[in-house]
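First the structure, in the form of structure tokens, and then the observations on it.
Derivation of every value follows stated rules applied to the coordinates shown; laboratory data play no part. What you are looking at is a predicted structure, and each value in this text was computed from that prediction instead of being measured. Note: ideal-geometry Cβ built from the backbone for every residue, glycine included; neighbour counts use all protein chains shown.
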Amino acid sequence: MRVIDLRRDTITLPTETMKKFAFQVVLGDSVYGEDPTQRELEEMAASLLGKERALFLPSGTMGNLVALLTHTRRGEEVIVEENAHIVTSETGGIGAIAGLNVKPLRGEDGAPEVEAIVQALRPENIHYPRTRLICLENTHYRYGGIVPPLEKFRAIKMFAEKRGLAVHLDGARLFNAAIYLKREAREICQYADSVMVSLSKGLGAPVGSLLAGSRDFIVEAERYRKMLGGGMRQTGWLCACGIMALSPENINRLQEDHYHAFLLAQGLTHFQGIHVDLSRVHTNFVLANLEGSGYTAWAFAEKLKEKGVLVTPAGKFVVRFITSKEVTREDILRTIEIIEEII
Ligand SMILES: *Cc1c(COP(=O)(O)O)cnc(C)c1O
């Protein structure tokens, strides 16, 4: 039985061409800046993201943490959407390692309201932590891969500049957002001082993320990466996969994942007891509410698993489906059939 894995886009495997290319590249000791393939990837990323420099890191979590450490000092405050990955899913590193105070703000469309940020800003007073940084996320993971309005990013950046705050963008799935918006990735990044993007999700590289920003920012970030143990040696094999991952064809391929997610979402709307808000299916995620179907999310996921479809319970009645290059159109149609059988 073919297993249809809709749990994550991190299940993606490197392609044969990626592997072949990887084993051909020239390697060096990257801690000393001597791995030419890493340097090539970093330059490519900096250009795509519209920043002066970029830095290769083993994971997105480390990329975000390095950004926090570089932008702030311990005891300062970070304004962040309350369900952002950086607070919900990075093991509390923002507090435990960066030593930051979190000011969580709710933003149903994936980003905090500008007015709420204005209100949250701390006045200068000996009792208060200093507000230093705003963290944005695009696409927003917990809200089902949605893309917050670009106009809001622009307004937040304008406000941040006026008040001397830095903006970091957790863009683990930034290219999915760019495709949804029909914009270049760098157009989104212009509203942030630093940005982290993942190579190992929909883009299909086995390992790695990039952090981009100004030259000075990256010089400091490189020190923190080393401090956290992220200085690696012959990274060229991984970075070669990253170079292929960032090719225009591979980035455009993400569109397919979006079509598949929307196809699935549309299919789900036909079942009684399952609710999908199609207006919030922006990229490669579908959140389905099962209340009324007689299933809890957990029971539904178990039932699907018996039939060879893997999904993630993301709340008592909410199931999350994520498409990736490992999932075909036929898999989506088969998934809809299987759901029809069990509903
Ligand atoms: C996956 C993810 C990260 C972290 O990336 P890892 O490589 O898994 O550490 C950060 N932010 C968002 C929104 C993510 O989805």
If Phe175, Phe23 are placed from fewest to most neighbouring beta carbons inside 10 Å, the sequence is Phe23, Phe175
Taking the range 16-247, the equivalent ellipsoid from its C-alpha gyration tensor has semi-axes in Å, biggest first, of 30, 19, 14
Rounded to the angstrom and largest first, Cα extents along the principal axes for the range 1-110 equal 48, 47, 26
Semi-axes in Å, largest first, for the range 82-168 (Cα gyration tensor, √(5λ)) are 21, 18, 10
Karplus-derived 3J(HN,Hα) from phi for the range 336-343 (6.51 cos²θ - 1.76 cosθ + 1.60, θ = phi - 60°), whole Hz, x at Gly and Pro, runs 5, 4, 5, 5, 4, 4, 8, 7
Those trypsin sites (Lys or Arg not before Pro) from the range 138-244 that are DSSP loop and have at most 10 other Cβ neighbours within 10 Å turn out to be Lys182
Restricted to the chain, the DSSP antiparallel beta bridge percent, nearest 5, is 45 percent
Scaled by the rule-of-thumb 2.2 N^0.38 Å, the alpha carbon Rg for the range 253-342 gives a ratio of 0.98
Among Ala84, Ala54, Leu69, the residue whose Cα sits farthest towards the positive end of the charge dipole of the range 30-87 (+1 at Cβ of Lys and Arg, -1 at Cβ of Asp and Glu, taken about the Cα centre) is Leu69
At R0 = 22 Å the Cβ-Cβ FRET efficiency linking Arg106 and Glu161, nearest 0.05, sits at 0.40
Of the residues Gly145, Ala160, His127, the Cα lying farthest along the dipole of the range 120-200 towards its positive end, which is defined by charges on the beta carbon of Lys, Arg, Asp and Glu, belongs to His127
In nanometres, the difference between 0.36 nm per residue of separation and the alpha-carbon distance of Thr88 and Thr10 is 26.3 nm
Assertion target for Ser324, Ser293, ordered by fewest C-beta neighbours within 10 angstrom first, is Ser293, Ser324
With label points set 7 Å from each Cα along the Cα-to-Cβ direction at Gln255 and Arg130, the distance between them in nm comes to 4.7 nm
Taking 308-314, 54-60 and ranking on average Cβ neighbours within 10 Å, highest first, one gets 54-60, 308-314
Taking alpha-carbon centroids only, the range 58-137 lies from the range 172-202 a number of Å equal to 19 Å
Taking 0.36 nm per residue of separation between Gln24 and Ala96 and subtracting their Cα-Cα distance, the length gained on full extension comes to 21.9 nm
Relative contact order in percent for the chain (Cα pairs under 8 Å, 6+ apart) equals 25 percent
Of Tyr295, Tyr143, Tyr128, the most mobile residue in a GNM of the chain (C-alpha springs, cutoff 10 Å) is Tyr128
Simple SL model, points at 7 angstrom along Cα→Cβ for Arg215 and Ala299; separation in nm is 6.3 nm
Dividing the helical contributions, -39500 (n - 2.57) per DSSP H run of n ≥ 4, by the residues of the chain yields a 222 nm value, nearest 500 deg cm²/dmol, of -12000 deg cm²/dmol
Cα-based Debye curve of the range 117-252 sampled at q = 0.10, 0.15, 0.17, 0.18 Å⁻¹ gives log₁₀ I(q)/I(0) of -0.39, -0.84, -1.03, -1.12
Surpassing 30 Å at the alpha-carbon level, of the pairs Lys201/Lys307; Lys19/Lys303; Lys103/Lys303; Lys20/Lys305, are Lys19/Lys303; Lys103/Lys303; Lys20/Lys305
